[in-house]
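Student: Just dropping this structure here.
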Amino acid sequence: MSYQEKRTIVTVLTGILILAAYCIYAFGKVNAGIESVEDLKFWAFAMLLFIGVGVVANIIIQIVFHILLSIGIAIKEQIQNGSVNDDEIEKTLELEMVEDEMDKLIGLKSMRLGFAVAGIGFVSGLVALMMDYSPALMMNIIFISFNVGSILEGIAQIYYYRKGVNHG
Amino acid sequence: MAKKIEIKNNIRTLRFFANEMTQQQLAEKAGASRQTIVAVEAGKYAPSLELAFRIAEAFGVSIGEVFSYEVKE
């Protein structure tokens with residue numbers, strides 16, 4: 001499995017964890033009666049909080065991932081050559097992290113799916129509001145669809161890395 | 001409507017005759033990632049014209065010796 005695939009899997013898993021954490025936190029509070037469903041300030045706070053948590057978690061998880069990747073390369077080298085060389089590890093990492101035209105094409109194609117899901121969510125949110133549903137529902141539909149879009153974007157990337165990608 | 005074409009390549013054979021050049025070595029020479037070379041070699045990705053020329057240059061042959069195509073019915 002290539003570096004890009006591994007990194008994408010880590011990103012998708014982080015996205016799923018963040019979305020699950022948001023649902024448990026926000027809907028848990030509402031179900032427990034601590035917060036009102038109609039309290040838009042609470043929803044705005046929860047969403048802003050989880051946007052922040054998502055950014056920080058992504059940074060931390062990527063750092064941990066790169067550390068683990070380096071350890072993995074070092075172990076592989078130790079087994080193959082009987083010794084570990086820092087320069088070799090750095091060179092292997094650099095070679096693994098090369099991003100070229102195929103990565104860009106896969107990124108663009110999967111981003112299209114992510115935007116489509118987010119767009120559908122945005123329109124659904126507006127439709128829900130038009131149909132006299134609560135504004136909190138609209139906010140949640142939009143927020144969750146953006147998150148789901150980002151997760152699906154990652155899944156599409158993994159799919160394209162596995163199955164191949166064509167121009168056009 | 002234009003007929004579909006399938007891009008084929010001889011990268012595996014050329015690597016063999018280039019002293020069993022590894023995919024990583026080819027990737028370095030062509031300025032691409034190993035993942036891309038693996039995908040091109042397996043026919044899962046048709047490279048851009050630029051990368052195709054760079055792969056041919058890495059083997060010191062013309063682009064036609066690396067890539068060919070087949071018209072699909």
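Student: Can you say whether A:I60 is under 25 Å from A:S110 (Cα atoms), more than 14 Å from chain B (Cβ to nearest Cβ) and open to solvent by 70 Å² or more (accessible area, probe 1.4 Å), as far as the supplied structure shows? Step through it out loud before you land on a result.
Tutor: Numbers: under 25 Å from A:S110 (Cα atoms): yes; more than 14 Å from chain B (Cβ to nearest Cβ): yes; open to solvent by 70 Å² or more (accessible area, probe 1.4 Å): yes.
Judged against the criteria, A:I60 is a match.
Student: Turning to a different aspect of this structure: Exactly one of these conditions fails for A:I73: (1) within 14 Å of chain B (Cβ to nearest Cβ); (2) in contact with a Lys or Arg (Cβ under 7 Å, 6 or more places away or on another chain). Give me its number.
Tutor: It fails just one condition, (2).
Student: I'd like to verify a number: residues in the range A:63-96 that are touching a helix residue (DSSP H, G or I) at 6+ places or on another chain (Cβ under 6 Å) and not in a helix (DSSP H, G or I), how many?
Tutor: Selection size over the range A:63-96: 1.
Student: Within the range B:7-18, which residues are within 13 Å of the chain's Cα centre (by Cα) and either surrounded by fewer than 15 Cβ atoms within 10 Å (Cβ to Cβ) or among the hydrophobic types (A, V, I, L, M, F, W, C) (or both)? Don't jump to the end; show me each part of the working.
Tutor: If we filter the range B:7-18 for residues that are within 13 Å of the chain's Cα centre (by Cα), which is where we start, we get B:7-15.
Of everything in the range B:7-18, those that are within 13 Å of the chain's Cα centre (by Cα) and either surrounded by fewer than 15 Cβ atoms within 10 Å (Cβ to Cβ) or among the hydrophobic types (A, V, I, L, M, F, W, C) (or both) turn out to be B:I7, B:K8, B:I11, B:R12, B:T13, B:L14.
Student: Tell me, please, whether a residue that is away from every other protein chain (no Cβ under 14 Å), touching an Asp or Glu at 6+ places or on another chain (Cβ under 6 Å) and not charged (D, E, K, R) can be found in the range B:6-27.
Tutor: Yes, that holds for at least one residue.
Student: Exactly one of these conditions fails for A:I106: (1) open to solvent by 80 Å² or more (accessible area, probe 1.4 Å); (2) within 14 Å of chain B (Cβ to nearest Cβ); (3) aliphatic (A, V, I, L, M). Give me its number.
Tutor: (1)
Table: residues versus (1) more than 29 Å from A:Y160 (Cα to Cα); (2) open to solvent by less than 60 Å² (accessible area, probe 1.4 Å); (3) among the polar types (S, T, N, Q).
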| residue | (1), (2), (3) |
| --- | --- |
| A:M1 | no, no, no |
| A:V10 | no, yes, no |
| A:I18 | no, yes, no |
| A:A32 | yes, no, no |
| A:V37 | yes, no, no |
| A:A44 | yes, yes, no |
| A:V55 | no, no, no |
| A:G72 | no, yes, no |
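Student: Then there's this: Considering only residues that are open to solvent by less than 60 Å² (accessible area, probe 1.4 Å) and part of a loop (DSSP other than H, G, I, E, B), which ones fall in the range B:37-49? Full working, then the answer.
Tutor: Filtering the range B:37-49 for residues open to solvent by less than 60 Å² (accessible area, probe 1.4 Å) gives B:37-41, B:43, B:45-48.
If the condition is that a residue be open to solvent by less than 60 Å² (accessible area, probe 1.4 Å) and part of a loop (DSSP other than H, G, I, E, B), then B:G43, B:A46, B:P47, B:S48 are the ones that fit.
Student: Can I ask one more? Filter the range A:115-136 down to the residues that are closer than 24 Å to A:T14 by Cα and open to solvent by 40 Å² or more (accessible area, probe 1.4 Å) and list them by number. Can you show your working first?
Tutor: Going through the range A:115-136, the residues closer than 24 Å to A:T14 by Cα turn out to be A:115-122.
Once the filter is applied, which keeps residues that are closer than 24 Å to A:T14 by Cα and open to solvent by 40 Å² or more (accessible area, probe 1.4 Å), the range A:115-136 yields A:F115, A:A116, A:I120, A:F122.
Student: Determine the pairs where a residue that is surrounded by fewer than 16 Cβ atoms within 10 Å (Cβ to Cβ) and part of a helix (DSSP H, G or I), located within the range B:19-36, has a partner that is aliphatic (A, V, I, L, M) and at pLDDT below 90 with Cβ atoms under 7 Å apart, the partner being 6 or more residues away or on another chain.
Tutor: Going by the 7 Å Cβ cut-off, the qualifying pairs are B:Q24/A:L95.
Student: OK, next. Kindly indicate whether any position in the range B:50-68 is open to solvent by 40 Å² or more (accessible area, probe 1.4 Å), within 11 Å of chain A (Cβ to nearest Cβ) and in a helix (DSSP H, G or I).
Tutor: Checked against the condition, which is being open to solvent by 40 Å² or more (accessible area, probe 1.4 Å), within 11 Å of chain A (Cβ to nearest Cβ) and in a helix (DSSP H, G or I), the range B:50-68 yields at least one hit.
Student: Test A:I71 against the criterion of being over 28 Å from A:L137 (Cβ atoms) and modelled with pLDDT of 85 or more, and give yes or no.
Tutor: Values: over 28 Å from A:L137 (Cβ atoms): yes; modelled with pLDDT of 85 or more: yes.
Against the criterion (over 28 Å from A:L137 (Cβ atoms) and modelled with pLDDT of 85 or more), A:I71 qualifies.
Student: Being more than 20 Å from A:S2 (Cα to Cα) and either in contact (Cβ under 8 Å) with a residue 12 or more places away in the chain or among the hydroxyl-bearing types (S, T, Y) (or both) is the filter here; which residues of the range A:80-94 pass it?
Tutor: Step one: filter the range A:80-94 for residues more than 20 Å from A:S2 (Cα to Cα), giving A:81-87.
Within the range A:80-94, just A:S83 meets the criteria.
Student: Related question: Taking the range A:137-168, which residues are of a type in the set (S, T, N, Q), more than 14 Å from every other protein chain (Cβ to nearest Cβ) and either farther than 21 Å from A:G52 by Cα or open to solvent by 50 Å² or more (accessible area, probe 1.4 Å) (or both)? Lay out the reasoning, then the answer.
Tutor: So in the range A:137-168, the residues of a type in the set (S, T, N, Q) come out as A:140, A:145, A:147, A:150, A:157, A:166.
Then drop every residue that is not more than 14 Å from every other protein chain (Cβ to nearest Cβ), which leaves A:140, A:145, A:147, A:150.
Selection gives A:S150 alone.
Student: Still on this structure, please answer the following. Report whether or not A:I89 is open to solvent by less than 40 Å² (accessible area, probe 1.4 Å), modelled with pLDDT under 85 and within 14 Å of chain B (Cβ to nearest Cβ).
Tutor: Working: open to solvent by less than 40 Å² (accessible area, probe 1.4 Å): yes; modelled with pLDDT under 85: yes; within 14 Å of chain B (Cβ to nearest Cβ): no.
No; evaluated as a whole, the condition is false for this residue.
The values are calculated or read from the model by the stated rules, or taken from the named source; none is laboratory data. This one's a predicted model, so the numbers in the text were calculated from it and none came from an experiment. Because the Cβ atoms are built from the backbone with ideal geometry, glycine has one as well, and the counts that use them run over all protein chains shown. Just so you know, the surface numbers come from the protein's heavy atoms only, side chains and all, with ligands and any DNA or RNA stripped out. Shrake-Rupley method; radii C 1.70, N 1.55, O 1.52, S 1.80 Å.
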